[in-house]
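Worksheet: one structure, shown below.
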Amino acid sequence: MSSCSPKVCIVGSGPAGFYTAQHLIKVDIYERLPVPFGLVRFGVAPDHPEVKNVINTFTQTAKHSRCSFYGNVNVGKNVSITELQQAYHAVVLSYGAEGNRSMGVPGEDLAGVYSAKDFVGWYNGLPSCRELSPDLSCETAVILGQGNVALDVARILLAPIDILKKTDITQPTLEALAESQVRRVLIVGRRGPIQIACTIKELREMVNLPDTRPDMVAADFDGVKEALKDLPRPRKRLTELMLKTALEVPGEKEQERRSKASRTWGFRFFRSPVEVLAEPGHSRIAGIRLAINKLEGSGDGAQAVLTGEVEDVSCGLVVSSIGYKSLPIDPSVPFDSRKAIVPNTMGRVKQAAGLYCSGWLKTGPTGVIATTMNNSFDTARSIVEDMESGTLDMSAAKPGSQSISALLEKRGVKPVTFSDWEKIDNVEMKRGESRGKPREKLLTVEEMLHVAWT
């Protein structure tokens, strides 16, 4: 290793950024928003506070003398990747997946159709989604996709207000949900029960959600019991819980609970969206046309194949939860637009010395926070290996944040430090306290900056 101190920076302060930072000696983190933590703050459901505990670990990292946080810096706009590469020996891209996979069907631009990413951003206080104000005046909502995010959206749409008002869900969302007319949520997937993407924890929360009852189609589960014995254990337990919920006659207590429920939810399998249907003469949604599929093959590898049949479902709200996708940040960075990732080997960006990536940008948007943790540790290990082997050229001293801070100042960009963020954090917690919530988030960048700098 050369004698000059290695200068490393990370773009993005979500789990990928912080987990990568944990394993590096000295690091600067750049974040577009004035607030850190990415999807832990803006993705994790409000009623999952235990998942947000990783914030404590990230805060320890950020407050350590070896780590500096620069919020309110939009890399790609305020400063280019090339400029970061001139200032640092290694640049790690960990800015996640802020785009949406589109359904690619007619009518998906109608009023009343939302991406799950935007819907989640709305109830979690992401500044860019503040004005979404979805119309919840309909009885039936259809969610396309059956992953954990789809179940989060279903749960938030149906959960009793008394549960939600003790969470950090935003006040405008709480008010909208209190007025919501949504009483039925259908969670639609193109394959069958055995291929469902959610995990058992999320399914169990739906099954136990107060004032709701399941509404399933028994025929969707034909042959599922027979297939159980060949499934790996986690998948087997998930499928057993689904079978029990869909087909078993409930006990007396559960029967009574269900009969009193005012809201329903259910999976609809073997269905793909073909078209979002508009109200005649309006740009508002009236329903969705679904193609009916059959499966070819079995298990995880089964493919949904069109049968030629379709069915129409009346609904006033469609949330498309078919996956997030990463977007290119800068023309100088290699990007595989088909896979929507930065092409890499163990986090080393291909054909770009000194450039690395971690998190969803590296793998695509899959897995939970622990998955991202491991993939980020791997990237950090690659960087350390490259420093030690001399693959990473560290012969020249580099200025690091010193030159970038000067550039930003010249461009009229003022970064938010971690102690500035702590002022925002304190104000949010104080505001929450008066309402019996863990926090009341500030909802605009202007408000965040005002608090940070007064």
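The values are calculated or read from the model by the stated rules, or taken from the named source; none is laboratory data. Note that the coordinates shown come from a computational prediction; the quantities given were computed from them, not determined experimentally. Neighbour counts run over all protein chains shown; Cβ positions are idealised from the backbone, glycine included. Keep in mind that these areas ignore ligands, DNA and RNA; they rest on the heavy atoms of the full protein, side chains included. Shrake-Rupley method; radii C 1.70, N 1.55, O 1.52, S 1.80 Å.
Quick check: is even one residue across region 427-447 over 24 Å from Val73 (Cα atoms), of a type in the set (Gly, Ala, Ser) and under 25 Å from the mean Cα position of the chain (by Cα)?
Yes, region 427-447 contains a residue that is over 24 Å from Val73 (Cα atoms), of a type in the set (Gly, Ala, Ser) and under 25 Å from the mean Cα position of the chain (by Cα).
Which numbered condition trips up Leu317, out of (1) in contact (Cβ under 8 Å) with a residue 40 or more places away in the chain; (2) surrounded by 22 or more Cβ atoms within 10 Å (Cβ to Cβ); (3) outside the structural domain of Ser272 (by the TED database)?
Here Leu317 clears every test but (3).
Can you spot a residue in region 183-198 that is open to solvent by 60 Å² or more (accessible area, probe 1.4 Å), out of contact with any strand residue (DSSP E or B) (no Cβ under 6 Å at 6 or more places or on another chain) and either closer than 24 Å to Cys129 by Cβ or not assigned by the TED database to the domain that holds Ser137 (or both)?
yes
Here is a list of conditions, (1) open to solvent by less than 10 Å² (accessible area, probe 1.4 Å); (2) within 30 Å of Leu144 (Cβ to Cβ); (3) not β-branched (Val, Ile, Thr), and Lys117 meets all of them except one; can you say which number that is?
Every condition holds for Lys117 apart from (1).
Could you check Glu309 against (1) touching a Lys or Arg at 6+ places or on another chain (Cβ under 9 Å); (2) in a strand (DSSP E or B) and say which number it fails?
Result: Glu309 fails condition (1) only.
Determine, yes or no, whether Leu361 is part of a loop (DSSP other than H, G, I, E, B), crowded, with 16+ Cβ neighbours inside 10 Å and among the aliphatic types (A, V, I, L, M).
So Leu361 does not fit the description; no.
Of all the strands (runs of 3 or more DSSP E) wholly in region 25-142, which have at least 3 residues that are more than 17 Å from Ile329 (Cα to Cα) and not assigned by the TED database to the domain that holds Gly316?
In region 25-142, the matching strands (runs of 3 or more DSSP E) lie at 67-70.
From the list Glu440, Glu428, exactly one residue is touching a Lys or Arg at 6+ places or on another chain (Cβ under 6 Å), buried (at least 20 other Cβ atoms within 10 Å of the Cβ), at pLDDT 95 or above and assigned to a loop (DSSP other than H, G, I, E, B). Which is it?
Of Glu440, Glu428, the one residue that is touching a Lys or Arg at 6+ places or on another chain (Cβ under 6 Å), buried (at least 20 other Cβ atoms within 10 Å of the Cβ), at pLDDT 95 or above and assigned to a loop (DSSP other than H, G, I, E, B) is Glu440.
So how many residues does region 268-294 have that are assigned to a strand (DSSP E or B) and at pLDDT below 95?
Of the residues in that region, 1 qualify.
Does Leu408 qualify as being assigned by the TED database to the domain that holds Ala353, within 16 Å of Asn78 (Cβ to Cβ), open to solvent by less than 70 Å² (accessible area, probe 1.4 Å) and modelled with pLDDT of 95 or more?
In short, yes.
Can you find a residue in region 345-353 that is part of a strand (DSSP E or B), open to solvent by 60 Å² or more (accessible area, probe 1.4 Å), in contact with a strand residue (DSSP E or B) (Cβ under 7 Å, 6 or more places away or on another chain) and within 26 Å of Asn148 (Cα to Cα)?
No, that holds for no residue.
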